[in-house]
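The values are calculated or read from the model by the stated rules, or taken from the named source; none is laboratory data. Worth saying up front: this structure is predicted, and the values here are computed from it rather than measured. When we count neighbours, we look across all protein chains shown, and the Cβ atoms used for this are built from the backbone with ideal geometry, even at glycine. Remember, those area values only see protein heavy atoms, side chains included, never the ligands or the DNA or RNA. Shrake-Rupley method; radii C 1.70, N 1.55, O 1.52, S 1.80 Å.
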Amino acid sequence: MRYPFRAIMTVLYVAGFSTAAYFAWQAAGYYGLALAERPLATEMHKLYKPGGLVGHGLGIVGGTMVLALFLYPARKRRLPGLRWGTMSRWLTVHIWFGITGPVLITLHTALKFGGIVSISYFSMMAVMLSGFFGRYLYSMIPRGPGGDALSRKQIDELVAHLGETLAGRDQTTSEIARLTDRYAGQLGQPGIITWGRILAFDLTRPIRPWLLGRSIHRVAPDLPRTAVQKISKRTHQRAMLVRRRRMLDSVNRVFDLWHVVHKPFAYVAVIIMFLHIAVALLMGSRWVF
Amino acid sequence: MNRHPARAQLRGIRSLTLALATWWIVVLPAQVVHGQISPGDLAQPHAGLEGITNCTKCHELGRGPSPGKCLSCHANVKQRIDQQRGFHHTAMQGDDAQCGDCHADHAGRDFALIRWPGGEAAFDHTRAGFDLQGRHARLQCRDCHRAELIHDNLRSAQRDIDLDRTYLGLPRDCLGCHQDEHRQQLSINCTECHGAESWKPTTGFDHDRTAFRLTGTHEPVQCAGCHPALAVSQAEGAGHTSYAQYIGLRYENCSSCHKDPHRERFGGNCRSCHDTGGWKRITTAEVDHARTDFPLLGRHAHVPCKDCHTSGSYLQPVAFALCTDCHRDQHRGQFALRTDGGMCESCHSVQGFKPATFGMAEHAQTKFALVAAHSAQSCLACHEPTLSDDLGPYRRYTFEDRRCVACHDDTHHAQFASDPVKVCTDCHGGDSWRVRDFDHDRRTTYPLEGAHQKVACQACHKPTVTDGDSFVTYRAVGRRCESCHEGTTPPRLVKTKG
């Protein structure tokens, strides 16, 4: 089930971004015009103005996606009818809605920002950007296969299991053990400096196992490549768990604070969006229906 | 770990965020609430309609912008629509016609408020009730739609209208935009005479419809040739120096425009001799030549003036005492010795050179009266063009030799030239060449006796051929018998050839 879901998400991302890219390409000339000149580009204006056939349609689709973002918190609260699927997949879809929706709404605005509705737009963008940080925080909390956060005990057991594997099945030498023990690095008391170290570690995370593998190969040249890769992978997993275990309390606190920021702006965005929709309907704006 | 400080910190952050969100959602909108639920700033002319309380001044709730709302302010446009005139009347045909189709707003303060379908240059001006014809079609919109040309009615009806932006209020009459070059002398409907392509020529003007119809040489004359330039008043300012006078011109008499070269010697009515075909073209039929010393009689009445007035000036005297003052003497002075000096009118009249009035009676007064067969001959039978000079051949009318042989051939080959009888008429009659009652006994030396009296003339006078010319022998007939008779009994006449 994992691969079909990833394929579906890939298709959704491709569909969302290619749709946005297509209309952005088509309307690039129109978006580049000054506001006072846009109505003069009659045919483009009819299509791509916020109330135009394409512009309005993108707004409706993007707005619907923004509303769909609230399915994820509803799922977290296990509201009736939403008690299926893993949280991680709900989050994946939530992120797709949270990226694609604002992109489409950006096209809906025709890059014309003003009035109260711009508060909704910028709030939405704030929510989206904060979402990226939230997703990073989310990744800093060790989770099980279903997306549920692991307890400290579960983390400790997992760390111990990885240590035993390294010492036993992987039969690491003392020289290798010294490298793997140092891999997690030193973390002081949670604070700004520590957060900086974590951020720097995470930024270099994609190459760290490779660097470790090179170090292992240097002290144990005869060790097969697959064995080096396994040692590097497990060492990295263990280091991540150790570091996250070390920062768990701090991350949870920041994550709580993040929710405090993320949610109100989402509410602001949606409330003003409804206000915008209501005003548009009141002022007689219609799409194809 | 003491969690109470953390919870307190969390509560503080939540309170701060809520305050921020509250400001975000309430205070900030309150600051920009003035018109900021709109999708964009209204154009400058509508700037006064900004604000959340003004939306329904243009929009009908749930239905959008309403033409009725627009027209409630734009009363001048509504008036034109109600009167079924102007562009907006045609543009608002149909149930779904919206002002916003062309006048979409909320596109910013700088928006011109007019969206031209297909561009400003593609506007079909006929829909505005004024077809841009001729040179008008090549003008820019603002060449005509200028504030100073806008009708006062629009200014008074809508005082806040921007005269530099509006396309309304332009008069449809020519003088609404163009200066009256004729200074109220003529109709204010310029198109009666002028076309839309250019001021000149006046394609619609027909001078024949005026009290002075242009004919003859008047037609190609430039207008300014008859219509003088009048000075404009200083009030009109620079750029206007003069205008043509079209009314108040005197035209009853030719002398109103033309000088009388005859100095009134022929009266003031030029038309009695001239017409508009040209000064030198005299309408002869109407010239009373009888008032001159040379009334035009007979064929003279049909002769073009210039045939006699060869100088081109009718004031130049023309000799007329003698016919030969104008006409050439066809007879080259042959009659100069006549008692009348050869006056032409003795034989000819003004009815024509031919026929001459010289008849039989007149000929009888000459030295050669025409009698018998001569009276039946054409003049030309005797008066042949046997003479000639530098001007060509001409007919002889005077004859020194009036003998028959002067005209007739001597068919007798001079057999009688030495005779005492020398006149043809001694033998031949005047009415015919035939010889009658010739007395052979008296007039010849051979009297006819006996049987000779019964013999036909030709029996003795036989044709003789000499040098190929045949003639009858009268003189050389032998007197001896055997000259004619053979020596037989009874005697027979000798047969001769010929």
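Conditions (1) charged (D, E, K, R); (2) out of contact with any Leu (no Cβ under 8 Å at 6 or more places or on another chain); (3) farther than 21 Å from A:ALA126 by Cβ, marked per residue:
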residue: A:GLY51; (1), (2), (3): no, yes, yes
residue: A:ARG77; (1), (2), (3): yes, yes, yes
residue: A:ARG83; (1), (2), (3): yes, yes, yes
residue: A:SER88; (1), (2), (3): no, yes, yes
residue: A:ILE99; (1), (2), (3): no, yes, no
Segment B:360-385 - residue that is assigned to a helix (DSSP H, G or I) and of a type outside the set (Gly, Ala, Ser) and, of those, surrounded by the fewest Cβ atoms within 10 Å (Cβ to Cβ):
B:LEU380
Can A:GLY52 be described as at pLDDT below 90 and touching a helix residue (DSSP H, G or I) at 6+ places or on another chain (Cβ under 9 Å)?
no
Within segment B:320-335, which residues are open to solvent by 60 Å² or more (accessible area, probe 1.4 Å) and in a loop (DSSP other than H, G, I, E, B)?
B:PHE320, B:ALA321, B:LEU322, B:CYS326, B:HIS327, B:ARG328, B:GLN330
Could you check segment B:148-163 and list, in sequence order, the residues that are more than 17 Å from B:HIS103 (Cβ to Cβ), in contact (Cβ under 8 Å) with a residue 12 or more places away in the chain, part of a loop (DSSP other than H, G, I, E, B) and more than 46 Å from the chain's Cα centre (by Cα)?
B:LEU163
How do the pairs read when you match residues in segment B:115-144 that are more than 14 Å from chain A (Cβ to nearest Cβ) with residues anywhere that are open to solvent by 80 Å² or more (accessible area, probe 1.4 Å) and of a type outside the set (Asp, Glu), using Cβ under 7 Å and keeping only pairs 6 or more apart or on different chains?
B:GLY129/B:ARG85; B:PHE130/B:ARG172
Take B:GLU60 and tell me if it is at pLDDT below 85 and open to solvent by 40 Å² or more (accessible area, probe 1.4 Å).
no
What helices (runs of 4 or more DSSP H) completely inside segment A:141-233 contain at least 2 residues that are closer than 26 Å to A:ASP256 by Cα?
A:152-167, A:192-203
Please identify the pairs in which a residue from segment B:317-338 that is over 20 Å from B:ASP389 (Cβ atoms) has its Cβ atom under 9 Å from the Cβ atom of a residue that is assigned to a loop (DSSP other than H, G, I, E, B) and among the charged types (D, E, K, R), counting only partners at least 6 apart or on another chain.
B:PHE320/B:ASP293
If you go through segment A:4-59 one residue at a time, how many are within 23 Å of the chain's Cα centre (by Cα) and within 13 Å of A:HIS108 (Cβ to Cβ)?
4
Every pair of residues 6+ apart whose Cβ atoms lie under 7 Å, when the first sits in segment B:444-472 and is open to solvent by less than 60 Å² (accessible area, probe 1.4 Å) while the second is of a type in the set (Phe, Trp, Tyr) and not in a helix (DSSP H, G or I):
B:HIS461/B:TYR474; B:THR464/B:PHE471
Which one of these is within 14 Å of another protein chain (Cβ to nearest Cβ) and either under 47 Å from the mean Cα position of the chain (by Cα) or open to solvent by less than 80 Å² (accessible area, probe 1.4 Å) (or both): B:ALA75, B:ALA107?
B:ALA107
What is the number of the single condition among (1) surrounded by 12 or more Cβ atoms within 10 Å (Cβ to Cβ); (2) facing chain B (nearest Cβ under 10 Å) that A:ALA27 does not meet?
(2)
In segment A:102-156, the residues that are within 12 Å of chain B (Cβ to nearest Cβ) and charged (D, E, K, R):
A:LYS112
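Every residue, every condition in (1) touching a His at 6+ places or on another chain (Cβ under 7 Å); (2) hydroxyl-bearing (Ser, Thr, Tyr), yes or no:
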| position | (1), (2) |
| --- | --- |
| B:GLN179 | no, no |
| B:GLN184 | no, no |
| B:GLU192 | no, no |
| B:TRP199 | no, no |
| B:THR202 | yes, yes |
| B:ASP208 | no, no |
| B:GLY225 | no, no |
| B:ALA229 | no, no |
| B:VAL232 | yes, no |
Could you please let me know if B:ALA356 is of a type in the set (A, V, I, L, M), open to solvent by less than 60 Å² (accessible area, probe 1.4 Å) and either free of Cβ contacts under 8 Å to residues at least 40 places away in the same chain or in a helix (DSSP H, G or I) (or both)?
yes
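Per-residue answers, yes or no, for (1) closer than 30 Å to A:TYR136 by Cβ; (2) surrounded by fewer than 17 Cβ atoms within 10 Å (Cβ to Cβ); (3) not assigned by TED's automatic domain parsing to the domain that holds A:PRO73:
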position	(1), (2), (3)
A:LEU223	no, no, yes
A:VAL228	yes, no, yes
A:HIS236	yes, no, yes
A:VAL242	yes, no, yes
A:ALA269	yes, no, no
A:ILE272	yes, no, no
A:ILE277	no, yes, no
From the list A:LEU257, A:LEU211, pick out the single residue that is surrounded by fewer than 19 Cβ atoms within 10 Å (Cβ to Cβ), more than 24 Å from A:SER120 (Cα to Cα) and among the hydrophobic types (A, V, I, L, M, F, W, C).
A:LEU211
Residues of segment A:100-134 being within 20 Å of A:PHE255 (Cα to Cα), among the hydrophobic types (A, V, I, L, M, F, W, C) and open to solvent by less than 30 Å² (accessible area, probe 1.4 Å), which ones?
A:MET124, A:VAL127
Inspect all residues belonging to segment B:225-241 and state whether any of them is in contact with a strand residue (DSSP E or B) (Cβ under 9 Å, 6 or more places away or on another chain), free of Cβ contacts under 8 Å to residues at least 24 places away in the same chain, surrounded by 13 or more Cβ atoms within 10 Å (Cβ to Cβ) and part of a helix (DSSP H, G or I).
no
The number of residues in segment A:31-40 that are open to solvent by 20 Å² or more (accessible area, probe 1.4 Å) and part of a helix (DSSP H, G or I) is 2
Could you tell me whether segment A:216-239 includes any residue that is within 11 Å of chain B (Cβ to nearest Cβ), out of contact with any Pro (no Cβ under 6 Å at 6 or more places or on another chain) and closer than 23 Å to A:ASP156 by Cα?
no
Run down B:THR425, B:THR488 and say which single residue is modelled with pLDDT under 80 and outside any loop (DSSP other than H, G, I, E, B).
B:THR425
Report, by residue number, each residue of segment B:284-310 that is surrounded by fewer than 11 Cβ atoms within 10 Å (Cβ to Cβ) and under 29 Å from the mean Cα position of the chain (by Cα).
B:ALA285, B:HIS302, B:PRO304, B:ASP307
